[in-house]
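Peer 1: Mind having a look at this structure? Questions to follow.
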Amino acid sequence: MNKSNLIAKMAEKSGLNRKQAEAALEAFLGSVTEALKEGDKVQIVGFGTFSVREREEHEARNPATGEPVTVAASKTPVFKPGKSFKEAF
């Protein structure tokens, strides 16, 4: 399912038109992104938790040459599914 299909499904299930469903999805995604940038967690009970994980600088190897390479520290968004969401499968 791509973004367009998701918007269509949201519109169908909520009774909103496509423009309203798209605006709702964009507002949700923007809000989650802003919260994560500020260092907050976004927890939706029954669905899951969005958070940011910090990765430390570490050594890796170039697979072509075998040379050691330093990988810089970084932050990455993560999603941990909630219990209800996992049990749906």
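Taken together, the values in this text are just the output of simple stated rules run on the coordinates, not laboratory data. Source: prediction; values computed, not measured. Cβ coordinates were reconstructed from backbone atoms using ideal geometry, including for glycine residues, and neighbour counts include every protein chain displayed.
Peer 1: What value in Å³ per residue do you get for the convex hull of the alpha-carbon atoms in the chain?
Peer 2: Cα convex hull per residue, to the nearest whole number: 165 Å³.
Peer 1: In addition: If the cut-off is 16 Å between C-alpha atoms, which lysines fall inside it for residue 41, apart from same-chain ones fewer than 8 positions away?
Peer 2: Residue 41 reaches 75, 80.
Peer 1: Do any trypsin sites (Lys or Arg not before Pro) in region 1-78 lie in a loop, going by DSSP, with at most 13 other beta-carbon atoms within 10 Å of their beta carbon, and if so which?
Peer 2: 41
Peer 1: Residue 35 versus residue 78, label points 7 Å from Cα toward the beta carbon: distance in nm?
Peer 2: So the label points at residue 35 and residue 78 sit 1.8 nm apart.
Peer 1: With a/c under 1.5 counting as rounded, go ahead and sort region 26-67 into rounded, prolate or oblate using the C-alpha gyration tensor (a ≥ b ≥ c being the square roots of the eigenvalues; past the cut-off, prolate if a/b is larger than b/c, else oblate).
Peer 2: Prolate shape, in that a/c is at least 1.5 and a/b is the bigger ratio.
Peer 1: Let me have the relative contact order for the chain, percent, based on Cα pairs under 8 Å that are six or more residues apart.
Peer 2: 21 percent.
Peer 1: Between residue 61 and residue 88, what's the calculated FRET efficiency when r is the beta-carbon distance and R0 is 30 Å? Round to 0.05.
Peer 2: Result of the calculation: an efficiency of 0.15.
Peer 1: Between helix 3-14 and the chain, what is the angle of the helix's C-alpha long axis to the longest principal axis, kept within 0 to 90° and rounded to the nearest 10?
Peer 2: Value to nearest ten degrees: 40.
Peer 1: Can I ask one more? Relative to the longest principal axis of the C-alpha atoms of the chain, give the angle of the C-alpha long axis of helix 18-37, reported between 0 and 90° and rounded to the nearest 10°.
Peer 2: Compared with the principal axis, the helix lies near 30 degrees.
Peer 1: Please state the charge dipole magnitude for region 17-59, taken about the Cα centre, from unit charges on C-beta atoms (+1 on K and R, -1 on D and E), reported in debye and rounded to the nearest 20.
Peer 2: It works out to roughly 380 debye.
Peer 1: Let me ask something additional. Of the options 25, 39, 62, report the single residue whose Cα projects farthest towards the positive end of the charge dipole of the chain (beta-carbon charges: Lys, Arg +1; Asp, Glu -1).
Peer 2: 25
Peer 1: Note down the magnitude of the dipole of the chain about its Cα centre, charges +1 on Lys and Arg C-beta and -1 on Asp and Glu C-beta and zero elsewhere, to the nearest 20 debye.
Peer 2: 460
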